[in-house]
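Working notes, structure below.
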């Protein structure tokens, strides 16, 4: 991975946009990120981490706001990183969540969500890739192959992190290594092995419990069968070894059924207890198989007994069937004799019903002609009434002037016969034809009357338009005169207003100058009070810092005076002395000294010194900032006090307001003058147009009145006294409609008269054909549908009863009964039949009991067979399961550092130990260079005391003495070199684990201040070695000596308005 460019704005201490060209810094392969404490050197690294992962390293991630406090309120924070990884050039831009001032209402803040975008450089241009946070995060993680924790420990070697890693306990070291190398899968494997072992042991326990349960189920099943219970089984329900109860009752049943005693096969003894075949003899050998075999024997006995019971039932049922059959034959003979007597008694009634039904059938043959005559009579009455009504309506309106007699029904009665109706119909049709001819002539003249109405309407509309045009011309003339008078008045007013308006720009500038002076004078009073307070705070902070520095120097001096006593305090019996290497410590230095400061005391004093010095710097910066602000404000105020500045501002403001009003009035008058000129001209033109249109409209009005007179003369004769042609046509159309309805009624009546005559003729012919005397006789003979159906039902019922009686006497059973009477055979009584049924019931109950017993034994035998199969399968499976559970338990204990694991190392610790061994080897290569060939780091897997974890210890091999010792015995400078070498070695190993990703850019953050000149040379030589391998190394430090050693520098300049960055190339050290 190589970083090309970093852009930062409103982020951390950077208020304005800062652009860092990493390619320019990387030309020499080594550059210095330099600046005072708190300037923002680490913030540059935070910006790189935030751009890639959306968060910053360490505790700084807990900060609630990453936006710069120095930035303008509406400045949006953003970080953009341009880098190359795995052959792809990407640019990621992120903005953290922040709050901006609302556009409406300055007192309210509006939250802005975090944003991200990813671009890829393809074909010479940047192409957008994604703007979703999850997609961008996945893309970068896939490209780099490292999480944020890995990146901050591989690419950015942080302040103090690896010094703590070097001195950490094995458990703390394990936590960091797990994060870097992602060994969660090995911990998951340990848990999986433990869970598999527990599951296997649980399955073995379940199988053994199931075996016990199967045996108990077998004996419970035996107790539910119709078999003798084991001896003492009720007291000890689950004991399969108890003897069986006496089975004498089963023996009795078997003897009655003619079945041999199963004692001969060893199933039951002669004393009534269970034989050795089931529960006798060696009780410890009994199992589910024994129970199954015993039930199989009892089942065979039950099968034979059931067959005997079924044979007895068949014999008894045969005897009962014969008796029931004789009883039924004689019952049927008695029934047949009763039915024959009843049929003979109803013979005469049946003959009368047949005669009545025959008369109905003859009358039904002429029912169609009767119905046709009835319909013709109804139709004639209906058409006659309709014709009379139409005739009354037509005569009342005088539609037919001929005298045809009295109106209504009387006229129809007076005109007798169809010939009279036909004559009247001919005269009505003639009158109808004449009326329709007149109506056609009137319809042809209707358009003339419509033309007259249209011409009259047009003339009226033109008259209205002429009145409107006259009024419009007069109004436009008046408007033009009024606008010209107003123009003259406004032109005079405009000259006086413009004289004041031209001074507006000068007066407005004077107001702004007066306002700036007033604001400066007002703020100057408050800033002078703040300056006094800031000077007091700065003086107090400097005094506190001097006291803290003296206290820290005192502790350092006392620790140096008692260094031997401190080393002696760490000696333990049986362990080597870190100085001489001896295992014996006869006279440790400093024994009895109690008031010796510890390293923790020194560190606490140093932390306090750093804190109060930082506070003093901040107080001094505050005082300097206040002084600069006072100077700037004094320059603006120019010695003017607040009252004088206020008076000057008010005078300037009033003058500016007067000029503003004059300018607005002048602009308004200009606009009004333009509008008035346009309005006057438009009014003059509109008046001319109105007068021209009025002349054209007047000519058209004269044409309309001439056409009206011509049309009215043509329509007077055609109206014939009616107001309009339409009125006359409406009256004539109504008359034709009345005549048409009368004509239709007359035609319908003539048709009805002909139909009535035809129906009467057809009925007379049908009566003669079917032998009926008259129409009245036929109507009397007809029956209703229900009455005719009842006669047919009664006749059919009598015939069916007669047929059944004949069939009964011809049946085999009645014939056999007559034969029994002739032969003198006795008929069984109901009591005889009841006794036979009792015997059959008893036999069936015996068969049912035998069947139930056999089914119970079948079910029990099937269930016991299933239990035996399940027992056999469980016995075959439980052995391998026990062996697998033992193997998994041993493997799980070994992976967890228990059991036969001599080193007591877990699987995760073992894997991490291998990684740590690789890290120590890589770190030793650089540590040898930094320590002039003296020190190497070695991994130790020796067991530690107590419950601490083994396998993750580090020791220092001193090449000068040949002795290995704890890393805590290194001096401050040596510890830094070891920590740096360890960090670089860890970076190499993590890089390999990330898939061989090239880490071309590396940052080393702080720690160089603890090195002497010679050690610093060695460390710089090691860093130069990294550069020679193609890496770009950025050293983050404010150590002054490094400024002379590293010519290419990125300076972070701290300012009150926010930090800024600058690239500087210094002259190389001689």
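The values are calculated or read from the model by the stated rules, or taken from the named source; none is laboratory data. Keep in mind the model is a prediction, meaning the values are calculated, not measured. Cβ: placed from backbone, ideal geometry, glycine included. Neighbour counts: every protein chain shown.
Considering only residues that are in a loop (DSSP other than H, G, I, E, B) and out of contact with any helix residue (DSSP H, G or I) (no Cβ under 6 Å at 6 or more places or on another chain), look in segment 743-791 and name the one that is nearest to residue 351 (Cα to Cα).
The selected residue is 784.
Please go through segment 909-940 and pick out each residue that is in contact with a strand residue (DSSP E or B) (Cβ under 7 Å, 6 or more places away or on another chain) and not in a strand (DSSP E or B).
Hits for segment 909-940 are 913, 916, 917, 920, 923, 924, 927, 928, 934.
Out of segment 735-747, which residues are surrounded by fewer than 18 Cβ atoms within 10 Å (Cβ to Cβ) and more than 13 Å from residue 431 (Cα to Cα)?
744, 747
Of all residues in segment 1037-1070, which are outside any loop (DSSP other than H, G, I, E, B) and at pLDDT 85 or above?
Within segment 1037-1070, 1048, 1049, 1050, 1051, 1052, 1053, 1060, 1061, 1062, 1063 qualify.
Within the group 647, 607, 641, which residue is out of contact with any strand residue (DSSP E or B) (no Cβ under 6 Å at 6 or more places or on another chain) and closer than 30 Å to residue 972 by Cβ?
607
Identify the single condition in (1) surrounded by 16 or more Cβ atoms within 10 Å (Cβ to Cβ); (2) assigned by TED's automatic domain parsing to the domain that holds residue 736; (3) out of contact with any helix residue (DSSP H, G or I) (no Cβ under 6 Å at 6 or more places or on another chain); (4) modelled with pLDDT of 80 or more that residue 388 does not satisfy, given that it satisfies every other one.
(3)
Give the residues of segment 1041-1056 that are surrounded by fewer than 16 Cβ atoms within 10 Å (Cβ to Cβ) and touching a residue at least 40 places away in the same chain (Cβ under 8 Å), sorted by residue number.
Within segment 1041-1056, 1053, 1056 qualify.
Failed condition for residue 815, given (1) loosely packed, with under 15 Cβ neighbours inside 10 Å; (2) at pLDDT 85 or above; (3) within 30 Å of residue 325 (Cα to Cα), with all others met?
Result: residue 815 fails condition (2) only.
Of all residues in segment 183-218, count the ones that are touching a helix residue (DSSP H, G or I) at 6+ places or on another chain (Cβ under 8 Å) and more than 26 Å from residue 882 (Cβ to Cβ).
4
Of the conditions (1) at pLDDT below 90; (2) surrounded by 18 or more Cβ atoms within 10 Å (Cβ to Cβ); (3) over 30 Å from residue 177 (Cβ atoms), residue 116 satisfies every one except a single condition; which number is it?
(1)
All but one of (1) within 60 Å of the chain's Cα centre (by Cα); (2) surrounded by 15 or more Cβ atoms within 10 Å (Cβ to Cβ); (3) more than 26 Å from residue 311 (Cα to Cα) hold for residue 788, so report the exception by its number.
With (1) within 60 Å of the chain's Cα centre (by Cα); (2) surrounded by 15 or more Cβ atoms within 10 Å (Cβ to Cβ); (3) more than 26 Å from residue 311 (Cα to Cα) applied to residue 788, the lone miss is (1).
One line per residue, one yes/no per condition, for (1) in a helix (DSSP H, G or I); (2) at pLDDT below 85:
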| position | (1), (2) |
| --- | --- |
| 539 | yes, no |
| 542 | yes, yes |
| 587 | no, yes |
| 611 | yes, no |
| 630 | yes, yes |
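Starting from residues that are in contact with a strand residue (DSSP E or B) (Cβ under 8 Å, 6 or more places away or on another chain) and on the phi > 0 side of the Ramachandran plot, keep the ones in segment 38-57 and report whichever is surrounded by the most Cβ atoms within 10 Å (Cβ to Cβ).
Per the criteria, the residue is 40.
With more than 43 Å from the chain's Cα centre (by Cα), closer than 30 Å to residue 920 by Cα, assigned to a helix (DSSP H, G or I) and modelled with pLDDT of 70 or more as the only criterion, which of 173, 210 stands out?
So the residue among 173, 210 that is more than 43 Å from the chain's Cα centre (by Cα), closer than 30 Å to residue 920 by Cα, assigned to a helix (DSSP H, G or I) and modelled with pLDDT of 70 or more is 173.
Would you be able to say whether some residue in segment 560-569 is assigned by TED's automatic domain parsing to the domain that holds residue 625 and not in a helix (DSSP H, G or I)?
Yes.
Does residue 706 meet the test of being loosely packed, with under 14 Cβ neighbours inside 10 Å, in a helix (DSSP H, G or I) and in the same structural domain as residue 387 (by TED's automatic domain parsing)?
In short, yes.
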